[in-house]
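Structure, as structure tokens:
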Amino acid sequence: MAMASAGAEGGPVRVLEFYSGIGGLRYSLQESGVEAVVVEAFDINEVANDVYKHNFGHRPSQKNIQRLNVRQLDTYRADAWIMSPPCQPYTRQGLRKDAGDARAFSFLQMLELLPQMKNPPNYILVENVVGFENSITHGHLMDMFKELSFMTQEFIMSPRQLGIPYSRPRYFCLAKKEPKSFAQPAYNRKLLCELGPLVDFVKLKFEDRRNLPDEHDRKSIADEISHDREESLRRQPLVKLNEPVLDPKVYCRPISDFMEEEPCTSDDMGTPPLLKKLVGNGHDFLEVETEIARSEDGEKACDVAACADKWELYKLPSTVLERWGDCFDVVTLDSKRCCCFTKSYGSYAKGTGSLLATKNVWDDGSKFQRALVAQDLPEGISLHDLGLRYFTPREIANLHSFPPAFTFPSEVSLRQRYALLGNSLSAAVVGVLLRYLFSEPYQRTVV
């Protein structure tokens with residue numbers, strides 16, 4: 001794919017990666033095909049930095065971003081900043097303190113430093129939750145871009161728009177410092193919920209019209225992708241809803257394309273979990289512990305290889321199902337969507353991610369899926385009969401479009417893996433956005 005050189009003097013793009021997590025932004029950079037070098041990454045999460053180093057060979061700086069100064073930032077001479085600042089100040093599940101939340105301070109500090117820099121970046125990408133676009137922090141961000149002569153284009157995007165069966169709507173802001181301009185300047189200073197100018201920068205597969213979802217399925221799709229947005233605007237009823245617009249002609253791959261044949265038990269991926277059949281008092285909390293328990297002398301208490309059914313370790317405990325069964329979103333291998341996996345997946349029942357039904361009570365997969373959505377199972381059939389299990393960390397990584405080479409260090413626990421993946425992002429979506437960000441006007445890309 002031809003692409004204009006965005007780096008200084010025609011060299012690779014020099015990138016600073018803020019709030020780097022487990023490397024989702026860096027994988028997105030690889031996915032984009034842009035010739036780039038990450039000159040430094042920053043994150044204060046020690047475990048996330050362990051995972052990042054495990055996969056990229058470089059440990060991000062654990063220096064608090066809020067303590068960076070102008071001189072230090074100028075030293076990197078970065079062409080681009082890519083960042084995913086904390087979302088808790090803006091999420092529907094948080095207190096919505098916005099700019100008053102301490103977790104927003106480091107990002108706000110960066111906005112104050114940018115105008116003071118001698119070598120500011122020419123390209124910036126910011127990712128956050130849907131709802132950020134209506135925040136006070138967003139207002140500060142736009143004011144700063146205007147002051148520094150950055151042109152912006154904003155997007156609400158989900159992997160499902162690219163044919164990936166994963167509902168994870170997110171807000172993205174792309175900014176380019178003038179005189180640089182976007183490949184499609186007609187979209188400047190606009191917030192888009194459809195692919196719009198990105199169409200030429202992504203390879204989409206279109207399905208036969210005969211296989212389009214029926215009216216019931218289309219309504220379900222619309223309900224799913226708008227749920228997060230509706231919740232985030234519950235206190236802002238006059239604001240128009242922003243939700244990803246799905247093209248019904250785009251072929252969406254089934255969940256089965258992203259599943260493991262068996263749960264990974266390699267040293268790198270660590271050991272599958274045992275989900276304790278225990279529910280916390282008064283809370284939808286599912287206690288989790290790793291399958292390998294160690295006795296006081298350090299020896300393994302049990303061996304995964306001794307388990308006749310490795311999937312047994314991921315099955316939903318019956319006690320949890322009996323108490324919280326109506327809270328779970330259930331999908332099948334034939335499903336063309338699953339809910340967003342959050343950092344609390346496997347620990348809380350409601351709104352943290354989908355469960356997989358491994359047993360089909362109908363030969364017709366689409367009929368089975370519609371029955372699950374409508375919670376209208378055949379007489380005599382209950383959720384206990386569906387073989388419900390959790391998605392594995394590897395499967396969630398697949399839905400995030402992480403490459404097969406991505407692994408966790410063996411010492412990272414299951415709960416930590418779910419939390420780290422829940423805080424990450426879609427490499428496929430951000431890859432398309434970066435490909436567009438670093439392209440020049442009137443340059444049509446053939447993929």
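The numbers here are math on the coordinates, done by the rules we state, and not lab data. All figures in this text were calculated on a predicted structure; none of them were measured in a lab. Glycine also receives a Cβ, built like all others from the backbone with ideal geometry; neighbour counts cover every protein chain displayed.
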Q. Between Cys327 and Leu204, 0.36 nm times their residue separation minus their Cα-Cα distance comes to what?
A. 40.9 nm
Q.
Ratio of alpha-carbon Rg to the 2.2 N^0.38 Å globular estimate for the stretch 21-139, to two decimals, please.
A. 1.09
Q | Subset of Lys203/Lys336; Lys249/Lys350; Lys310/Lys336; Lys146/Lys177 violating a 20 Å alpha-carbon distance limit | A | Lys249/Lys350; Lys310/Lys336
Q: Compute the Rg to Rh ratio over the stretch 110-197 from the alpha carbon atoms, using the Kirkwood formula for Rh, and round to two decimal places.
A: 0.99
Q. If amide H atoms are built 1.01 Å from N in the plane of the peptide, which residues on other chains or at least 5 residues away come under 5 Å of the amide H of Ala36?
A. Val13
(Q) Bin width 10 Å, origin at 0, all Cα-Cα pairs of the stretch 156-201: what percent of pairs per bin? (A) 23, 51, 23, 4
Q: Would you mind putting 21-32, 39-50 in packing order, based on average other-beta-carbon counts within 10 Å, highest first?
A: 21-32, 39-50
Q. Residue separation times 0.36 nm, minus the C-alpha to C-alpha distance between Arg189 and Asn69: what's the value?
A. 40.3 nm
Q. Kirkwood Rh, Cα Rg: Rg to Rh for the stretch 312-353?
A. 0.95
Q: Give the peptides 350-359, 427-436, 333-342 in descending order of average Cβ contacts within 10 Å, highest first.
A: 427-436, 333-342, 350-359
